[in-house]
Amino acid sequence: MTRHADHYLRVARRVEDLSGSSIFRINTKAQALASKGRDILRLDAGEPDFNTPAPIINAARKALDEGYTRYTPIDGLPELKNAIRYKLKRDNNLYYDEDEVMHTCGAKQALFNAFMTLLNPSDEIVIPTPNWGTYPSIATIAWARIIYAPTFQKDGFILQPEVLEECLSQRTRVVVLNTPTNPTGQVYSREALSALGNVLLKYPDVFVLSDDIYEHLIFTGEPYANILNVCPSLKNRTVLINGVSKAYAMTGWRVGFAAGPAPLIAEMKKFQGQSTSHTAAVSQKAAEAAFNGNLDDVHAMVQAFAERAALVSEGLAKIDAIDCLPARGSFYCLPNFQRVIDSLDDVGDDQQLGDWLLDELGIAMVPGSAFNAPGHMRLSFAADKETLAKAVERLQKAFG
Ligand code: PMP
């Protein structure tokens, strides 16, 4: 007989140290309220609300008919690796050899492979805040020491070179860069990246981890740039992380990739080989079609996100108590709700505000403390315009 209630489960410390996701908590509560018939406006989504483009789905169907149902090489089918290299040349003007790229089970596993390969216990990793919660979680699993590098709204949530410099030491092993940024919706300019690159050049033992997953989702009209576009001499100690989840609305297919120096990729391959091995062959064929295909569907989606970003920022600008930097990329913005929190008797922080907004206004947003941004809420515009307009209206009514 299995007894659960009084079962003493001694979990390993690496798991014990992981904090539960408040994104998940808000998702679950929003779903529960909606299933009871409440009109809940879901602005908590971390994935595009579009379907995977038809040519990609057709490529996957064809692949199944052709028998892509078996194990593949750990670094990926050769044709997928070639598609990744083609994409890196076409979109990023970067050349990588075959042994410098590997596919992964989503960008998340590329990060996992890289962190676990680069970080020994007590090595330091610099993570700019506000940050996606998975970076510190994986660093925690690796028993690394996390050094948070704060960014501020007055600087457009862009990491300043002097702040980076203060965070670096002889113990630093990895610096994370993420542009466009989850959760701020901001985009690093070439100048901003170049200033950071100049600092990093002084620390030859530091690896740069560039998370480019929101690369295509930019509304400024400026072309995308990552650290290697402005500082090519960092190439032998930079690993690019990217994938199909966000640009091609393919979150469920689980395909990402890493591009970096061959010796690092070889070690990451060993790590992946002893964990997931690889993502499904059919997903790899779908990702191959995505990378080799044109960007028409991506551009249509970006146009829709840009219009929604404008709707949200114009709406929030009319509410004095909410201070929001308009999104320039990704599908998030990070309004500051501190004055709203201060004005509500029964709300003391952004976590409580998350519950209050759900209970009182029927709006689901993720509390900023999940991203090291207390006092803020992450608003996702992976929701249709009608939903966003309604949410803005409810916020205006409550706090305008
Ligand atoms: N990086 C960032 C900044 C993200 O927000 C996400 C997804 N939320 C990922 C990586 C992981 O994407 P994937 O679905 O490819 O694992």
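The values are calculated or read from the model by the stated rules, or taken from the named source; none is laboratory data. Given the structure is predicted, the values throughout are model-derived calculations rather than measurements. Virtual Cβ from ideal backbone geometry, glycine too; neighbours counted across all protein chains shown.
Could you check the stretch 87-107 and list, in sequence order, the residues that are over 25 Å from residue 47 (Cβ atoms) and either among the small types (Gly, Ala, Ser) or part of a helix (DSSP H, G or I) (or both)? Walk me through it before giving the result.
We begin by selecting, within the stretch 87-107, every residue over 25 Å from residue 47 (Cβ atoms); these are 89, 93-100.
Listed by number, the residues that qualify are 89, 98, 99, 100.
Filtering the stretch 189-235 down to residues that are within 16 Å of the ligand (Cβ to nearest atom), more than 19 Å from residue 333 (Cα to Cα) and in contact (Cβ under 8 Å) with a residue 60 or more places away in the chain, which residue is surrounded by the most Cβ atoms within 10 Å (Cβ to Cβ)?
This residue is 209.
If you check residue 117 against the conditions, is it modelled with pLDDT of 95 or more and in contact with a strand residue (DSSP E or B) (Cβ under 6 Å, 6 or more places away or on another chain)?
So residue 117 fails the test.
I'd like to verify a number: residues in the stretch 242-259 that are at positive phi and more than 9 Å from the ligand (Cβ to nearest atom), how many?
The number of residues fulfilling the criteria is 1.
Pairs please, first residue from the stretch 1-22 and over 30 Å from residue 376 (Cβ atoms), second anywhere and modelled with pLDDT of 70 or more and assigned to a loop (DSSP other than H, G, I, E, B), Cβ atoms under 9 Å, 6+ apart in sequence or on different chains.
From the stretch 1-22, the pairs are 13/143.
Name the one entry in 34, 60 that is within 30 Å of residue 290 (Cα to Cα) and outside any loop (DSSP other than H, G, I, E, B).
Residue meeting the stated conditions: 60.
Based on what the data block shows, is residue 153 in the same structural domain as residue 284 (by TED's automatic domain parsing), farther than 27 Å from residue 244 by Cβ and either within 16 Å of the ligand (Cβ to nearest atom) or out of contact with any Asp or Glu (no Cβ under 8 Å at 6 or more places or on another chain) (or both)?
So residue 153 fails the test.
From 74, 84, 125, 57, grab the single residue that is among the aliphatic types (A, V, I, L, M) and within 23 Å of residue 13 (Cα to Cα). Please lay out each step first, then the result.
On the way: 74 fails: within 23 Å of residue 13 (Cα to Cα); 84 fails: within 23 Å of residue 13 (Cα to Cα); 57 fails: within 23 Å of residue 13 (Cα to Cα).
Unique residue meeting the criteria: 125.
Taking the stretch 166-186 as the search range and keeping residues that are hydrophobic (A, V, I, L, M, F, W, C) and away from the ligand (no atom under 13 Å from the Cβ), which one is surrounded by the most Cβ atoms within 10 Å (Cβ to Cβ)?
Across the stretch 166-186, the extreme among qualifying residues is 175.
Is it true that residue 346 is part of a loop (DSSP other than H, G, I, E, B) and acidic (Asp, Glu)? Walk me through how you get there before you give the answer.
Numbers: part of a loop (DSSP other than H, G, I, E, B): yes; acidic (Asp, Glu): yes.
Spelling it out, residue 346 is indeed part of a loop (DSSP other than H, G, I, E, B) and acidic (Asp, Glu).
Within the stretch 138-149, can one find any residue that is over 23 Å from residue 265 (Cα atoms) and among the aromatic types (Phe, Trp, Tyr)?
Within the stretch 138-149, one or more residues are over 23 Å from residue 265 (Cα atoms) and among the aromatic types (Phe, Trp, Tyr).
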